[in-house]
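Single-structure report; data block below.
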Amino acid sequence: MSGLNGLPVSPADWTVRVLDLDGVEDKAAFMDRCATALALPAWFGRNWDALADALGDPGQLPAAEGAPVLVVRGWDRFEERQPAQWEIAREVFAQASAVTVLLALG
């Protein structure tokens, strides 16, 4: 049975990774956090196209036992500091097909 965004209803059936943007001041730090949170390979390009490719290709992400979910925390502070970069990030997240991206409130 599926719920939100086609995810299994039970979070017990999810494989969750957390992207914590607390203290991230710029695009370079954002990409570093993405690489760490998603356990991306060393050859990850650290640019918007590379991130879009990674989020759209399950082969670029570590194997997940459950439905892959990326929870983004601290995004509101990044949005305040880097509104143009956050707009691009939102577009990339919205197009992700290999992982469901959820924005944490609070």
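Of all residues in the range 86-103, those satisfying the criterion of being outside any loop (DSSP other than H, G, I, E, B) and of a type in the set (Val, Ile, Thr) are Ile88, Val92, Thr100, Val101. Put simply, of Glu87, Glu79, Glu65 the only residue that is in contact with a Phe, Trp or Tyr (Cβ under 8 Å, 6 or more places away or on another chain) and open to solvent by 30 Å² or more (accessible area, probe 1.4 Å) is Glu79. Within the range 61-73, residues that are part of a loop (DSSP other than H, G, I, E, B) sit with their Cβ atoms under 6 Å from residues that are surrounded by fewer than 21 Cβ atoms within 10 Å (Cβ to Cβ), at 6+ positions apart or across chains, in these pairs: Leu61/Ala98; Pro62/Ala39; Ala64/Thr15; Glu65/Thr15; Gly66/Asp13; Gly66/Trp14; Gly66/Thr15.
The values are calculated or read from the model by the stated rules, or taken from the named source; none is laboratory data. Model, not experiment: these values are computed from the prediction. As a convention, Cβ positions derive from the backbone with ideal geometry for all residues, glycine included, and neighbour counts pool all protein chains shown. Surface areas here come from the heavy atoms of the whole protein model, side chains and all, with no ligands, DNA or RNA. Shrake-Rupley method; radii C 1.70, N 1.55, O 1.52, S 1.80 Å.
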